Amino acid sequence: MDTTPDRDRFTSPVFVMEDLKAAIIDPEGKKVVINGASEDDNSTDKSSELTEAQVNRRVALFVILFLGGIIAAIVFAETEPLYCISTVGAMFLIIGSLAVFTNKITLDSLPMLIVPFVGLCMTGIPILMVYQRNHPDSLGFTIDRSVVIKFILVCMGVLGIFMLVIPFVAHSNKMFRCTRVTDAVCIYRTFHTKRSKKANGMNRTYALYSPVWQYEVDGVVYVTRESDYTNEDVPQIGETRQIRYDPNDISYIYRPLFVKRLAPAIIGTLMIVMCIFTLAVMK
């Protein structure tokens, strides 16, 4: 499938409620529920979605923090390597905290909590080590570098376990909750553009999509947006897929995607193996 976003009215990087309403297939006079609220409620609702200006501000903040951290790390690498580690840790702490706490914490995002935790450790421990070196009698304990390295490795192993287990736990929980199946039509999509490097060093640009589905249950038309972004089995506008929904909350949907669970499991397994191997070598 071509990963270049179809930049028409119903495929957009920013969610627009007016465009979504225009995309709804004629409900033939039936009640319409959009993302859990009736169409009348949504007509006066100020969407909690980020505007394009807010997205741009967040991107600018991320770039400033990232570049500032890199510059500071380079400077400290020449003067005090421990402060270099603290700078990188501060980047993990700030960016990880923004990523976790600006959104609702769910089972899917739970593994991300360890990112600001590791950042906090990487920020604080080197500072304590420098302080102890300059004031040998100020602390009642000694911070050994090998202990610090082992601690960071253990944190990496714990993060690997989370990444391995949590996606499958979240999948089981959603499958247990969403017991009904229905056909749904994709009427709208938002997307984020990502960039990664190929093995040959070339950049690869691709898009992650969040489809909006229209489906009918018991004479009511539901229009619901997927909560996650993915490039697996992305539907074109007008295509039909089977989705699962919660019979007690019909606007809560789930579309099982295998790669979404497999990718973090592979990364988590690699992190656990690296942690165990490195700790074994250090003994």
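Here are the numbers for this structure:
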item: Residue match in region 255-272 (condition: within 20 Å of Ala23 (Cβ to Cβ) and touching a residue at least 24 places away in the same chain (Cβ under 8 Å)); result: yes
item: Test: Val221 is open to solvent by less than 70 Å² (accessible area, probe 1.4 Å) and in contact with a Ser or Thr (Cβ under 6 Å, 6 or more places away or on another chain); result: no
item: Output for region 265-276, where each listed residue is farther than 16 Å from Cys155 by Cβ and open to solvent by 30 Å² or more (accessible area, probe 1.4 Å); result: Ile266, Thr269
item: Test result for Ile85, surrounded by 14 or more Cβ atoms within 10 Å (Cβ to Cβ), assigned to a helix (DSSP H, G or I) and modelled with pLDDT under 75; result: no
item: Residue that is at pLDDT below 75 and surrounded by 15 or more Cβ atoms within 10 Å (Cβ to Cβ), where the choices are Leu98, Leu61; result: Leu98
item: Region 228-250, residues that are out of contact with any helix residue (DSSP H, G or I) (no Cβ under 9 Å at 6 or more places or on another chain), surrounded by fewer than 14 Cβ atoms within 10 Å (Cβ to Cβ) and on the phi < 0 side of the Ramachandran plot; result: Gln236, Glu239, Thr240, Gln242, Pro247
item: Residue that is nearest to the chain's Cα centre (by Cα), among those in region 157-181 that are farther than 15 Å from Arg261 by Cα and in a helix (DSSP H, G or I); result: Leu159
item: Residue identified as at pLDDT 90 or above and among the aromatic types (Phe, Trp, Tyr) among Tyr206, Tyr188, Tyr229; result: Tyr188
item: Check on Val147, at pLDDT 85 or above and either open to solvent by 80 Å² or more (accessible area, probe 1.4 Å) or not in a helix (DSSP H, G or I) (or both); result: no
item: Test set (1) within 22 Å of Thr11 (Cα to Cα); (2) without any contact (Cβ under 8 Å) to a residue 24 or more places away in the chain - Asn203 fails condition number; result: (1)
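The values are calculated or read from the model by the stated rules, or taken from the named source; none is laboratory data. Because the structure is a prediction, the values reported are computed rather than measured. Heads up, the Cβs are rebuilt from the backbone with ideal geometry, glycines too, and the neighbour counts pull from every protein chain shown. Quick note on the areas: whole protein, heavy atoms, side chains included, nothing else; ligands and nucleic acids left out. Shrake-Rupley method; radii C 1.70, N 1.55, O 1.52, S 1.80 Å.
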